[in-house]
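What follows is one structure encoded as structure tokens, with my remarks underneath.
Computed from the coordinates by the stated procedures, all read-outs in this text should not be read as laboratory data. Just so you know, these numbers come straight off a predicted model, no measurement behind them. Cβ: placed from backbone, ideal geometry, glycine included. Neighbour counts: every protein chain shown.
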Amino acid sequence: MFEWLSDNRASIAAVLILVMTGTFVWSIVVGRRQARLTANDEVFGDPVRTKGGWYWAVCGVSALFLLWSYYSWGVGRAYFPNAANEMCQIAKLEEAVSPIKAALPIGSRYYKSTLLASRNSDQLDNLEAQLEGTVFSDAEKSELLDVIGQVRELIANSSNPANMGEEPKAKLLSLAERLNELSSYIHAGPNGLTPSDEALAQPKWGTTFTEIPILPITERGMLFDAASVEAAEIAGAFNKIRNKFSANDVLIDDIKTRIEALKEINESGEFDELERANREDYVKAVERIFKRLDDGLIFPAAALEDVDTAIANLDATARDAQGGLRFADALFFPGPGIVKSRTQCTEQGPARWLPKPTDVVATFARLANPDVESGGGYRGFPLLWWDWLPIADVVAFFIPDWIADVWPGEYASHGPDGTITPNFKDKLLAFAQGDVSLGHVPMLDGHIWDSLFRVLVALALGIFLGVPLGLLMGVSRFFKSFFDPLIELYRPVPPLAWAPLILTIFGIHDDGKIFLLFMVAFAIMVISARTGASGVLLSKIRASHSLGATDRQIMWNVILPNAMPEILTGTRIAVGVCWGTLVAAEMLAGTTGVGFIENIARTVSDYELIWVTILIMGILGLVFDLIMRWIIQRTIPWRGMG
Amino acid sequence: MADLVCENLSMTFTNPQTGAAVHALKDINFTLKKGELLSVLGPSGCGKTTLLNLIAGFINATDGNAKLGGRTIDAPGVERGMVFQQGALFEWLPVSRNVDFGLRMKRNNPKENEELVEKWLDIVGLQGFGDTPTYQLSGGMQQRVALARCLINDPEVILMDEPLGALDALTREKMQSLVLELWKETGKTIMIITHSVEEALLLGERLFVMAPRPGRVHKEYRLPFAERGLQESLREIKHDPYFSEVREEILTMIWDMEEEIMGRV
Ligand SMILES: Nc1ncnc2c1ncn2[C@@H]1O[C@H](COP(=O)(O)OP(=O)(O)O)[C@@H](O)[C@H]1O
Ligand SMILES: [Mg+2]
């Protein structure tokens with residue numbers, strides 16, 4: 001069932017998108033009709049105007065879904081399931097011809113030859129200008145000037161079409177012809193090409209880690225795939241063509257010997273270290289420019305014109321051959337499209353970091369599968385499930401080992417026959433360390449539960465310690481003045497600033513995180529309980545005194561309930577802040593939890609997983625808040641009614 | 001012999017900002033016999049609330065003392081019940097838990113409490129409202145709860161600080177009758193503060209008109225209207241010529257005091 005859903009996610013998305021589009025339109029129609037009905041009932045600014053309006057919620061949700069689907073290419077994949085595969089083949093062709101294009105003003109603004117000539121000439125000018133201020137002798141200076149002149153000549157010679165040899169000319173011509181043939185091949189269209197079985201057996205788009213199947217599965221794809229093979233060969237041939245001729249060969253040999261001679265003088269040992277370094281630097285700079293020019297990479301612009309035209313022709317043909325795909329690409333695949341890199345085709349633009357809704361759900365379902373053996377969960381640990389928890393572990397958690405240590409008596413030692421008879425002290429230690437069998441209880445388990453558990457324990461501790469202290473601070477000068485500076489000193493520090501310290505002290509396991517969260521919750525609970533306690537009306541306190549209540553009774557029966565709204569609001573805030581802090585703390589250290597998953601996902605750039613964790617956190621936060629709202633509704637309906 | 005006696009009762013506040021002394025009360029002397037109904041009237045700021053707080057034991061006098069049944073008052077106690085203007089009910093509790101609050105604090109038998117609550121809700125006219133949250137009651141009903149809560153404790157003196165001040169005219173009149181009825185039936189000593197001259201006349205068997213700066217008893221009346229109010233309708237009493245005469249006299253008196261305050265300021 002899950003497999004089937006997963007494999008057909010594109011079709012499911014297609015249906016969903018249609019439904020959502022319908023819902024979107026329908027909600028707008030309903031909304032507009034409702035707006036007309038109530039138009040005259042309420043004046044602007046009347047809070048009643050914000051009541052109701054569920055249809056706008058539907059409208060917003062469906063709009064969000066549609067936008068998400070669109071920018072993640074969900075729409076494109078739903079209605080053009082083969083588009084990515086075809087675009088991948090086109091990207092292959094693009095990749096194959098890119099070395100040729102790089103030499104032409106198609107891939108960049110100028111011919112590569114133009115850039116080589118102009119940049120190196122500029123650098124020669126610079127060197128020449130610097131020559132006057134160098135340490136060389138006058139004779140050497142004129143020699144260097146001569147060499148620079150020769151290198152200039154090299155550039156000039158290469159750029160002159162008249163100098164070009166017959167062989168490179170012929171090669172370029174045949175290359176242009178091969179390109180034109182390739183264009184005709186593409187223009188002729190896919191005649192009888194059938195995708196290979198291997199290609200058809202590939203997983204569908206989105207169901208593998210590399211996302212896009214790389215072997216062509218359509219006729220058009222086959223055509224482009226085949227063209228890309230030929231194009232790669234042509235590009236290889238193009239890379240081998242050199243503009244070499246005898247006039248330059250002579251020049252090159254001459255320059256080489258003259259530079260060698262200069263180098264020898266530098267190394268003769270006549271110069272001190274600094275002078276030698278300066279001389280070597282200058283000569284090396286000249287040599288570096290020369291080396292860039294000595295292997296015939298500068299062609300006359302006129303010589304490349306044929307290739308240029310052929311490539312432009314190939315581009316145009318390829319564009320035509322794409323047919324309807326071009327429009328699909330422009331309309332439904334926002335962003336730069338698909339790029340083929342060495343071994344795979346990848347989506348670029350928003351689709352890269354924004355996974356498709358169906359993919360997120362599929363990833364979530366995979367993680368939510370509690371069967372860790374068959375690939376569920378994350379890193380061998382389920383997302384949220386249950387397991388048998390030994391009761392002994394729970395007991396051991398509450399009984400510290402030192403209780404056994406301080407128990408009177410000594411631990412047993414091995415007897416003469418080599419065996420040990422444990423005494424009571426040993427048994428107590430086993431108890432404290434959980435080395436006993438007390439049966440098992442079912443317990444929640446998994447990454448989400450681990451995160452939840454940390455928050456809940458910290459929150460409970462924060463409430464049970466923070467509320468009493470806060471109440472006391474609200475009624476007692478001593479408690480207020482004594483604890484106020486302490487709490488106000490640590491509270492304003494962002495919790496994450498404490499994290500490194502606390503994780504060092506308590507370790508990276510639950511203790512550290514729980515303590516960190518406890519600090520957060522505690523401060524919030526103290527402050528809210530204190531505000532609630534000090535906000536109690538004096539007349540209520542006086543009335544209770546007159547009714548014979550003792551101080552303790554007033555605390556329990558008047559001040560605590562009176563502070564309840566603030567305490568609950570504080571709890572609500574604390575839940576939110578704890579949750580946020582926890583995820584960050586889990587990203588710092590640990591081996592389980594939602595934040596841990598996101599941290600790993602971040603390091604491997606698994607955007608789907610990142611979005612899944614974001615979604616989990618959002619949903620859990622929402623659930624928390626709904627529960628808190630429900631509790632508040634139930635427990636303090638009298639809020640603000642006094 | 002549970003008389004309320006004030007001897008040279010004085011209260012001086014120190015303004016925390018300026019450090020200036022405010023003579024809220026100076027040398028108050030009076031004796032309120034058991035079962036008497038005293039209403040206290042005076043311009044705003046003349047120390048009425050301060051006087052009541054002293055007797056309730058919420059604050060301690062700077063000089064002189066107040067005694068109830070011979071014992072000096074130095075702390076709040078169950079024998080002196082308080083009824084505040086408003087906001088002193090526990091809105092998180094239903095009516096019945098509000099009413100038996102004092103009994104529960106004494107750890108009284110819950111069953112007995114239940115019966116007493118029934119009885120007192122009946123007396124103040126709130127039968128069947130035991131489970132209603134107090135914030136769902138009208139202002140008049142809330143004051144009935146406050147009265148029942150105070151009376152169920154069986155105090156010797158009932159102190160009321162403008163208990164009907166926040167009520168509308170009609171409710172107020174009904175509540176005035178209720179106070180008179182309760183006074184008659186329970187025979188409690190009642191001290192009631194009000195800023196309404198009519199109310200003070202209607203409810204005051206005795207009536208103090210206080211004057212400000214320093215707060216003192218300016219004039220004392222003994223009036224027949226409270227007794228009469230037990231039989232006659234309050235509205236008729238208000239048309240009595242004597243009633244009108246006293247009312248005008250007191251109004252003029254307070255008017256003059258206000259003038260004086262304004263003049264001095
Ligand atoms: N806690 C206090 N601190 C300082 N001054 C106070 C305090 N309580 C009351 N006063 C002053 O005492 C005077 C009497 O106040 P109060 O008894 O409330 O007057 P009343 O109730 O008659 O309107 C006023 O001038 C008031 O400003
Ligand atoms: Mg007052």
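Overview of results
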{"quantity": "Contact order relative to length of chain A, as percent, for alpha carbon pairs under 8 angstrom and 6 or more apart", "calculated": "13 percent"}
{"quantity": "Modelled FRET efficiency - R0 22 Å, A:Arg276 with A:Thr134, Cβ distances, 0.05 increments", "calculated": "0.95"}
{"quantity": "10 Å Cβ neighbours from other chains, averaged over peptide A:534-543", "calculated": "5"}
{"quantity": "Among B:37-47, A:385-395, the order from most to least packed when residues are scored by Cβ within 10 Å on average", "calculated": "B:37-47, A:385-395"}
{"quantity": "Candidate lysines - alpha carbon under 22 Å from B:Lys26, same-chain residues fewer than 8 apart omitted", "calculated": "B:Lys48, B:Lys67, B:Lys219"}
{"quantity": "Number of partner chain Cβ atoms within 10 Å, mean per residue of B:101-111", "calculated": "3"}
{"quantity": "Full-stretch length increase - B:Lys34, B:Glu112 - with 0.36 nm per residue and alpha-carbon distance subtracted", "calculated": "25.3 nm"}
{"quantity": "Residue order, fewest to most beta carbons within 10 Å, for A:Ile311, B:Ile59, A:Ile487", "calculated": "B:Ile59, A:Ile487, A:Ile311"}
{"quantity": "Mean Cβ count within 10 Å, highest first, over the residues of peptides A:491-498, A:158-165", "calculated": "A:158-165, A:491-498"}
{"quantity": "Cα centroid of region B:90-129 to Cα centroid of region A:165-232, whole Å", "calculated": "92 Å"}
{"quantity": "Two-site label geometry, A:Asp511 and A:Glu264: point separation in nm, points 7 Å out along Cα→Cβ", "calculated": "7.7 nm"}
{"quantity": "Contact order normalised by residue count of region B:50-149, Cα under 8 Å, 6+ apart, percent", "calculated": "28 percent"}
{"quantity": "Cα-based Lys pair tally, region B:86-190, threshold under 26 Å, eight or more apart or on separate chains", "calculated": "9"}
{"quantity": "Cα-based helix-to-principal-axis angle, A:357-368 vs chain A, degrees rounded to 10", "calculated": "60 degrees"}
{"quantity": "Longest exposed-site-free window of chain A, the sites being trypsin sites (Lys or Arg not before Pro) in a DSSP loop that have at most 15 other C-beta atoms within 10 Å", "calculated": "A:380-642"}
{"quantity": "Helix A:607-635 axis, angle to chain A major axis (alpha carbon atoms, nearest 10°)", "calculated": "20 degrees"}
{"quantity": "Cα-based helix-to-principal-axis angle, A:560-588 vs chain A, degrees rounded to 10", "calculated": "30 degrees"}
{"quantity": "Relative contact order (%) - criterion: Cα under 8 Å, at least six apart; region: region A:447-635", "calculated": "27 percent"}
{"quantity": "Computed FRET value (nearest 0.05) for A:Asp625 with A:Ser341, which takes r as the C-beta separation and R₀ as 35 Å", "calculated": "0.20"}
{"quantity": "Net charge of neighbours whose Cβ lies under 9 Å from the Cβ of B:Ser39, counting Lys and Arg as +1 and Asp and Glu as -1", "calculated": "-1"}
{"quantity": "Over 24 Å (Cα to Cα) - which of B:Lys33/B:Lys238; A:Lys51/A:Lys540; A:Lys171/A:Lys244; A:Lys171/A:Lys284 fall in this group", "calculated": "B:Lys33/B:Lys238; A:Lys51/A:Lys540; A:Lys171/A:Lys284"}
{"quantity": "Estimated FRET transfer efficiency when R0 is 22 angstrom, pair A:Glu233-A:Arg109 (beta carbons, to 0.05)", "calculated": "0.20"}
{"quantity": "Shielding by other protein chains, B:85-91, mean Cβ within 10 Å", "calculated": "6"}
{"quantity": "Distance between region A:272-309 and region A:35-76 - C-alpha centres, whole angstrom", "calculated": "65 Å"}
{"quantity": "Relative exposure of A:Met525, A:Met519, judged by other C-beta atoms within 10 Å (fewest first)", "calculated": "A:Met519, A:Met525"}
{"quantity": "Under 23 Å from the Cα of A:Lys340 - lysines, other chains or at least 8 residues apart", "calculated": "A:Lys92, A:Lys101, A:Lys204, A:Lys356"}
